[in-house]
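The values are calculated or read from the model by the stated rules, or taken from the named source; none is laboratory data. What you are looking at is a predicted structure, and each value in this text was computed from that prediction instead of being measured. Neighbour counts are summed over all protein chains in view; Cβ atoms, including those assigned to glycine, are modelled from backbone coordinates with ideal geometry. The accessibility values were calculated without ligands, DNA or RNA, using every heavy atom of the protein model including side chains. Shrake-Rupley method; radii C 1.70, N 1.55, O 1.52, S 1.80 Å.
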Amino acid sequence: MRAIVDCNSFYCSCERLFRPHLQNKPVVVLSNNDGCIISRSDEAKAHGVEMAGPYFKAKPLIEKYGVATFSSNYNLYGDLSWRVMETLRMLLPPHSVEVYSVDECFLDLAHIAPQDLQSFSLYLREMVEQWTGIKVSVGVAPTKVLSKVANRLSKKNKEVTNCVLVLDTPRKTEQALKRTPIEDVWGIGFQYADKLRRMNINTAYDLSIKDIHWAGKHLGGVTGMRLLRELKGIESIQMLDELVNKKMIATTRMFGSPVTDLKDIKEAIATYTSRAAEKLRRQHSAANTVSVFVVPKEESHTAHFRHGPTVGSHIILPLATSSTNELIKPAVALVDRLYESGRVYKKAGVMLSGIVPDSSIQGNLFTPPGKNKHRMLMSMIDNVNFAMRDDILKFASSGTTRNWKMRQELRSPRYTTRWEELYEVK
């Protein structure tokens with residue numbers, strides 16, 4: 001059997017953890033630059049606050065019902081996510097936890113007897129909440145796709161399910177599939193959902209009774225066949241080992257306010273490159289390809305905001321490197337190719353690829369000795385920044401004022417990762 005553990009309204013739960021008075025009160029969390037609503041508590045949903053809706057449009061409703069509103073606090077969310085996943089790793093055998101996203105993970109429950117699945121799932125839910133303060137829902141089924149179906153239904157009526165649903169019989173599975181709209185099946189996007197509805201396939205059950213070969217023809221080939229097998233209870237999506245080293249590292253951000261000046265974009269790209277290089281060194285890797293992109297704001301005379309087309313370019317370095325200065329130089333040079341005077345830009349990003357182990361980089365006998373000491377310099381910078389926080393040491397090309405920085409006007413303190421913001425009990 002497989003299970004998925006999903007944190008309930010995760011970002012909102014993190015904010016409530018240090019504000020007990022917000023329990024059972026409406027809460028929302030905003031996206032980068034306080035643009036859209038990306039997390040809602042059940043109480044906020046009941047008041048009609050829409051998911052992914054613009055904050056300015058929801059503001060009258062938020063003020064009317066006194067909805068507590070927060071900017072994204074990724075330092076806090078990332079740390080609490082790690083605590084939840086680490087708790088599950090402690091409660092399960094080795095290699096039984098596959099982290100799927102910041103608030104979800106799959107579990108292998110092969111070691112649990114069928115008659116104990118319900119009680120063990122309740123035990124996991126209670127222990128995670130007791131040890132971390134984060135409430136979770138648990139869905140258990142023979143496959144990953146069916147466990148996602150079970151998890152979704154466990155949240156629909158939390159008082160009845162106690163946030164746990166186990167699909168351990170064909171009858172329970174059939175009932176669950178009939179209660180699941182086709183667009184809520186894991187792996188079915190909006191376009192495929194529309195296509196399937198035109199074929200009179202409206203629920204997950206309608207899809208599950210189709211032939212496997214039909215899925216190969218109408219549901220995207222091998223991927224669709226794998227999905228249909230999972231709905232039929234045939235395991236086709238295996239548990240994956242945790243990805244220790246990333247194959248591509250990216251740092252992308254929305255600007256805090258529209259940017260038109262070339263200097264500001266170069267500062268942003270230099271800053272993002274520094275952050276990406278730090279992540280690269282953290283996994284003891286080096287990269288030989290630097291990609292940069294910018295996203296202009298497209299003029300629109302309608303009520304809907306639209307980004308312009310993403311404009312990007314890349315450069316392949318002669319040798320793989322993890323030195324920030326050796327990555328910033330080509331990244332900033334790429335900005336000159338992409339920038340167009342007179343355009344307004346809303347977003348930019350840097351991606352490092354062609355990643356290889358740092359230990360595989362061959363030294364160069366013809367390089368001055370000072371150049372080969374960059375690794376020691378980078379290590380020292382990383383150590384100081386980790387200890388002092390907030391990029392206390394940075395390259396001049398990253399700028400000092402950073403007027404383009406992401407807006408977070410309603411961010412709560414980073415309670416668990418900053419000494420100066422530590423929660424105080426009086």
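From the set of residues in the stretch 394-413 that are touching a residue at least 12 places away in the same chain (Cβ under 8 Å) and of a type in the set (A, V, I, L, M), which is most open to solvent (accessible area, probe 1.4 Å)?
It comes out as LEU410.
Quick test for you: out of ALA215, ALA193, ALA303, pick the one residue that is modelled with pLDDT under 90, hydrophobic (A, V, I, L, M, F, W, C) and assigned to a loop (DSSP other than H, G, I, E, B).
Step by step, each of ALA215, ALA193, ALA303 is checked, and only ALA303 is modelled with pLDDT under 90, hydrophobic (A, V, I, L, M, F, W, C) and assigned to a loop (DSSP other than H, G, I, E, B).
Let me spell it out: the conditions are (1) within 16 Å of the chain's Cα centre (by Cα); (2) open to solvent by 30 Å² or more (accessible area, probe 1.4 Å), and VAL29 meets all of them except one. Which number is the exception?
(2)
Being part of a helix (DSSP H, G or I), open to solvent by 70 Å² or more (accessible area, probe 1.4 Å) and closer than 18 Å to SER137 by Cβ is the filter here, so list the residues in the stretch 158-174 that pass it.
GLU159, VAL160, LYS172, listed by residue number.
For residues in the stretch 122-158 being polar (S, T, N, Q) and within 21 Å of the chain's Cα centre (by Cα), which is nearest to THR169 (Cα to Cα)?
My answer is SER147.
Looking only at the stretch 267-286, which residues are in contact with a helix residue (DSSP H, G or I) (Cβ under 7 Å, 6 or more places away or on another chain), under 17 Å from LYS329 (Cα atoms) and surrounded by fewer than 22 Cβ atoms within 10 Å (Cβ to Cβ)?
GLU278
For the structure I just gave you, tell me whether LEU76 is surrounded by 22 or more Cβ atoms within 10 Å (Cβ to Cβ), within 19 Å of the chain's Cα centre (by Cα) and not polar (S, T, N, Q).
So LEU76 passes the test.
How about the stretch 61-115: which strands (runs of 3 or more DSSP E) wholly inside it have at least 2 residues that are within 24 Å of ASN32 (Cβ to Cβ)?
68-70, 97-101
Considering the stretch 197-224 alone, what residues qualify as being open to solvent by 60 Å² or more (accessible area, probe 1.4 Å) and either among the aliphatic types (A, V, I, L, M) or more than 19 Å from GLU174 (Cβ to Cβ) (or both)?
ARG197, ARG198, MET199, ILE209, HIS213, LYS217, VAL222, THR223
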